[in-house]
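The values are calculated or read from the model by the stated rules, or taken from the named source; none is laboratory data. Small disclaimer: the values here were computed from a predicted structure and weren't measured. Here the Cβ positions follow ideal geometry from the backbone for every residue, glycine too, while neighbour counts run over all protein chains shown.
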Amino acid sequence: MSTKKIYFGTNLKMYKGNQAVVQYLSELSDFANNLQPEYEITLFVIPSYTTLKDAVSCAQEKTGRLPIKIGAQNMNPNDNGQFTGEISPLMLNELGVQLVMIGHSERRHVMKETDQEENEKVLSALKHGFTTLLCIGETLEQKNYNISDEVLRTQLKIGLQGVSVEQLPSLWIAYEPVWAIGTGGIPATADYADEKHTVIKQCLLELFGEESKKIPVLYGGSVNLENSNELILQPHIDGLFVGRSAWDAENFYQLIINTLDVVSAEEMRSISDENEFSIIARQLINELGGKSNISALTHCATRIRVVLDDETKIDKIAIEKISMVKGIFSITKQFQIIFDKQIIDDIYSELKILLK
Ligand SMILES: O=C(CO)COP(=O)(O)O
């Protein structure tokens, strides 16, 4: 099995009552058990509160090759108290719920929840041992003002305030641009989604360091059978969080198998396409702190010249050990790697392909 991890989940919103959820889960489990994935797959379903007890029992009874994790759509951060109509973490724990979603766009924009409230819920959910799925995303207005990156960074910085590095294995993020969600939503293009995932991953790296690389970032917002393949192939998208297109179990299963096929085909293609220059280029990117650390790339007759966001992430010793590297050189705001002039064009082209 490849070590690649892929996440697929659905939020059932305020659809499907108890009977419908049990039937849906039962069908989905049967489908999922036909999967013989070469990847580590996590499958989750987030139904409404009133169905959770039976949903958990059904998922436990039907558990097979690919278990389904059951999540709650929201949670009050307090253990108990005078909060009429709310559901506490203790109540969810008692039902065997494993996952809690916090800050879905409909809670932020319909119920007017703030980043500070999401933060209280995130801290409480993590404290109670739930896998905590924090949803973030910009509105159309914010996108039009060209402040999407700032909005995402703000939602992360406030929403994750006080989270410790030790808690990161239980944290997931979903990027769900508000303008892409639900009926009338326009799906984000794969390029746009990947660009925002890069911003999110960069911000998580700043907040938590290297350990943040374990946090999966899922894309949600009008994911369907037409766009799921292209989305999953993006280098910074770790999974798909689906609404309408997953509410029919067979459709969801079809979407999952299509995307797994395309991931597998892409892996085969990249292995067979690999040559000595692409191997060097890939090693170089790793030792330069990863794709997201490289903000500009050029070359001259004998040098690859890169501008990096954070020069402290360069592993100079490892770079000098890469085959065909003749030396390295650093000037203000530019790092240079020296190669023979006969191969500089080949290395540069491979770097460009990998950095696309
Ligand atoms: O809200 C969503 C998942 O939480 C996505 O919903 P749609 O896929 O229906 O746009």
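Tell me, yes or no, whether the range 303-312 has at least one residue that is more than 20 Å from residue 137 (Cα to Cα), away from the ligand (no atom under 16 Å from the Cβ), in contact with a Gly (Cβ under 9 Å, 6 or more places away or on another chain) and polar (S, T, N, Q).
Yes, there is a match, as at least one residue in the range 303-312 is more than 20 Å from residue 137 (Cα to Cα), away from the ligand (no atom under 16 Å from the Cβ), in contact with a Gly (Cβ under 9 Å, 6 or more places away or on another chain) and polar (S, T, N, Q).
What number of residues within the range 325-356 satisfy the criterion of being without any contact (Cβ under 8 Å) to a residue 60 or more places away in the chain and either surrounded by 14 or more Cβ atoms within 10 Å (Cβ to Cβ) or farther than 22 Å from residue 278 by Cβ (or both)?
15
Would you mention how many residues in the range 318-340 are at pLDDT below 90 and within 32 Å of the chain's Cα centre (by Cα)?
Number of matching residues: 2.
Yes/no matrix, rows are residues, columns are (1) outside any helix (DSSP H, G or I); (2) more than 17 Å from residue 245 (Cα to Cα); (3) in contact with a Ser or Thr (Cβ under 8 Å, 6 or more places away or on another chain); (4) away from the ligand (no atom under 16 Å from the Cβ):
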position: 10; (1), (2), (3), (4): yes, no, no, no
position: 22; (1), (2), (3), (4): no, yes, yes, yes
position: 44; (1), (2), (3), (4): yes, no, yes, no
position: 51; (1), (2), (3), (4): no, yes, no, yes
position: 55; (1), (2), (3), (4): no, yes, no, yes
position: 58; (1), (2), (3), (4): no, yes, yes, yes
position: 65; (1), (2), (3), (4): yes, yes, no, yes
position: 69; (1), (2), (3), (4): yes, yes, yes, no
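Each row is one residue, and each column tells you yes or no for (1) within 16 Å of the ligand (Cβ to nearest atom); (2) in a helix (DSSP H, G or I); (3) in contact with a helix residue (DSSP H, G or I) (Cβ under 8 Å, 6 or more places away or on another chain); (4) at positive phi.
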| position | (1), (2), (3), (4) |
| --- | --- |
| 76 | no, no, yes, no |
| 79 | no, no, yes, no |
| 82 | no, no, no, no |
| 86 | no, no, no, no |
| 93 | no, yes, no, no |
| 100 | yes, no, yes, no |
| 106 | yes, yes, no, no |
| 112 | no, no, no, yes |
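Which numbered condition in (1) assigned to a helix (DSSP H, G or I); (2) closer than 17 Å to residue 144 by Cα; (3) touching a helix residue (DSSP H, G or I) at 6+ places or on another chain (Cβ under 7 Å) is the only one that residue 187 fails?
Every listed condition holds for residue 187 apart from (1).
Can you confirm whether residue 91 is closer than 24 Å to residue 43 by Cα, at pLDDT 95 or above and of a type outside the set (Asp, Glu)?
Criteria met by residue 91.
Of these, 296, 301, which one is assigned to a strand (DSSP E or B) and surrounded by fewer than 18 Cβ atoms within 10 Å (Cβ to Cβ)?
From the options 296, 301, the qualifying one is 296.
Anything in the range 220-239 that is near the ligand (Cβ under 10 Å from one of its atoms) and either crowded, with 17+ Cβ neighbours inside 10 Å or outside the structural domain of residue 193 (by TED's automatic domain parsing) (or both)? List them, or say none.
Answer for the range 220-239, where residues must be near the ligand (Cβ under 10 Å from one of its atoms) and either crowded, with 17+ Cβ neighbours inside 10 Å or outside the structural domain of residue 193 (by TED's automatic domain parsing) (or both): 220, 221, 222, 223.
Can you list residue pairs whose Cβ atoms sit under 6 Å apart, with the first residue in the range 255-266 being farther than 13 Å from residue 37 by Cβ and the second being exposed (fewer than 15 other Cβ atoms within 10 Å of the Cβ)? Count only pairs 6 or more apart in sequence or on different chains.
Between residues of the range 255-266 that are farther than 13 Å from residue 37 by Cβ and residues that are exposed (fewer than 15 other Cβ atoms within 10 Å of the Cβ), the close pairs are 255/225.
Residues of the range 237-271 being small (Gly, Ala, Ser), at pLDDT 95 or above and in a helix (DSSP H, G or I), which ones?
Scanning the range 237-271 gives 245, 246, 249.
It is to be established whether one or more residues within the range 209-216 are under 29 Å from residue 254 (Cα atoms), at pLDDT 95 or above and touching a helix residue (DSSP H, G or I) at 6+ places or on another chain (Cβ under 6 Å).
Yes: the range 209-216 contains one or more residues that are under 29 Å from residue 254 (Cα atoms), at pLDDT 95 or above and touching a helix residue (DSSP H, G or I) at 6+ places or on another chain (Cβ under 6 Å).
The conditions are (1) in a loop (DSSP other than H, G, I, E, B); (2) farther than 20 Å from residue 10 by Cα; (3) among the hydrophobic types (A, V, I, L, M, F, W, C), and residue 168 fails exactly one of them. Which is it?
Result: residue 168 passes all but (1).
Could you run through the range 240-267 and say how many residues are in contact with a Lys or Arg (Cβ under 8 Å, 6 or more places away or on another chain) and of a type in the set (Gly, Ala, Ser)?
Within the range 240-267, residues that are in contact with a Lys or Arg (Cβ under 8 Å, 6 or more places away or on another chain) and of a type in the set (Gly, Ala, Ser) number 1.
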